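The structure appears below as structure tokens.
The values are calculated or read from the model by the stated rules, or taken from the named source; none is laboratory data. Quantities reported herein were computed from a predicted structural model and do not represent experimental measurements. For neighbour counting, all protein chains shown are included, and Cβ atoms are generated from backbone atoms with ideal geometry for every residue, glycine included. To get the accessible areas, we keep the full protein, side chains included, count just its heavy atoms, and leave off ligands, DNA and RNA. Shrake-Rupley method; radii C 1.70, N 1.55, O 1.52, S 1.80 Å.
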Protein chains: 2
Amino acid sequence: MRARELAAEVPTVMAGDPATHAVRVMVDEKLPGLVVIDADRRPLFVLPGSQVLRMLVSHYGGDTALARTIDEEHADQFWRELGVRAVTECVPPEKVKLAEVPADATLLEVAILMSRLRSPLVAVVDRDRRLVGCITLNALLDALALPDS
Amino acid sequence: MRARELAAEVPTVMAGDPATHAVRVMVDEKLPGLVVIDADRRPLFVLPGSQVLRMLVSHYGGDTALARTIDEEHADQFWRELGVRAVTECVPPEKVKLAEVPADATLLEVAILMSRLRSPLVAVVDRDRRLVGCITLNALLDALALPDS
């Protein structure tokens, strides 16, 4: 089996989309992360879920003492502030990775990339680097013919 | 809301369990990672899914050229070999992290820890450091009252 056969169509987000929309897509689709694409459907980067969360947390500067004093009663305001920012504004460019494989990659190549980049989501692209679909970590493990334990 | 209220009971694995069993638990329960506990139900470490995958990949030494020549027709042998190894044998101790919060942590404290440790799963513990339950990234985002987009 090759990456193209396992690639599923999943909702993506655009770099200019509001950050709250990105989070909403991930939660609603129960995705482990997000593929951010450009207008030509070429992946720009793949965000693991924990980095999507970082978009939110950076709002508070990762200050644990501050977080202790703030709770979800302030969530409305929190989301309102975040909603005006675009995905790319919330993600430091030096931190993003492009977890991407060609359509003819083997499943083990996909596994190695996921493991190396610590990304539970990988974009599968054609020869023009246009998005064919995505592979989640759990879909990959399913496909690797895991025996019963 | 505090961590204890959001903590769900999820299957855990023991450090001595076979690696294949650990992978099976994660896939069957659609978990984003695994909490590994000791005999007293105290968390030893929390493995993000991509690190669970690393247990498998390390079998091939992360060698992409090698992976290109091997595919899932060899999966049976692959799993058989892996099945005899325990979880702790497959995880380099210097790489593991303990994503753990006290039961009275706020949701934002949980978010900051997940983000900092890049872990989509966090263990919630009581005062004796015994496991109360786990919080997944998507459960956390759901609870943070995300507005419709």
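For the range B:94-120, list residues with backbone N below 13 Å from a point placed 7 Å from the Cα of B:A8 toward its Cβ?
Correct set: none at all.
Under a 5 Å amide H to amide H cut-off, with H placed in plane at 1.01 Å, what residues pair with B:G133 once short-range neighbours are removed?
Hits under the 5 Å cutoff: B:V124.
Calculated FRET efficiency, A:L98 and B:A15, Cβ-Cβ r, R0 35 Å, to nearest 0.05? Don't skip to the end; give the middle numbers.
Values: r = 35 Å, r/R0 = 0.99.
Calculated value: 0.50.
When only the heavy atoms of the protein chains count and the probe is 1.4 Å, how do B:E29, A:E9 rank by accessible area, highest first? Could you put the intermediate results ahead of the total?
Values: B:E29 95, A:E9 175 Å².
Of B:E29, A:E9, the descending order of accessible area is A:E9, B:E29.
Find every distance from the label point of A:D142 to the corresponding label point in the other copies (7 Å from Cα along Cα→Cβ) and write them in nm, one decimal, shortest first.
Spelled out, the distances from A:D142's label point are 1.8 nm.
In what order, largest first, do B:E109, A:E89 sit by accessible area if the probe radius is 1.4 Å?
Ranking B:E109, A:E89 by accessible area, largest first, yields A:E89, B:E109.
What does the structure give for B:21-34 when I average, per residue, the other chain Cβ atoms found within 10 Å of the residue Cβ?
Working: counts 2, 1, 5, 5, 1, 4, 8, 5, 1, 4, 1, 10, 4, 0.
For peptide B:21-34, the averaged partner shielding equals 4.
I want the antiparallel fraction of DSSP beta bridges within the range A:98-141, as a percent rounded to 5. Each step should come with its number before you reach the end.
Numbers: 5 of 8 bridges.
Of those bridges, close to 60 percent are antiparallel.
From the label point of B:D40, set 7 Å from Cα along Cα→Cβ, how far away are the matching label points in the other copies, in nm, ordered shortest to longest?
Distances between equivalent label points, in nm: 5.9.
Quote the accessible area belonging to B:R24 in square angstrom, nearest 10, computed with a 1.4 Å probe and with ligands, DNA and RNA left uncounted.
The accessible area of B:R24 comes to roughly 30 Å².
For B:D17, what accessible surface area do you get with a 1.4 Å probe? Give it in Å², rounded to 10.
Surface open to solvent at B:D17 totals about 40 Å².
Can you divide the C-alpha Rg of the range B:99-146 by 2.2 N^0.38 Å and report the result to two decimal places? Intermediate results must be reported in sequence, preceding the final value.
Details: Rg = 10.1 Å, N = 48, 2.2 N^0.38 = 9.6 Å.
Taking the Cα Rg and dividing by 2.2 N^0.38 Å, one obtains 1.05.
If you put a point 7 Å past Cα along the Cβ direction, how far is that point for A:D128 from the same point in each other copy, in nm, smallest first?
6.3
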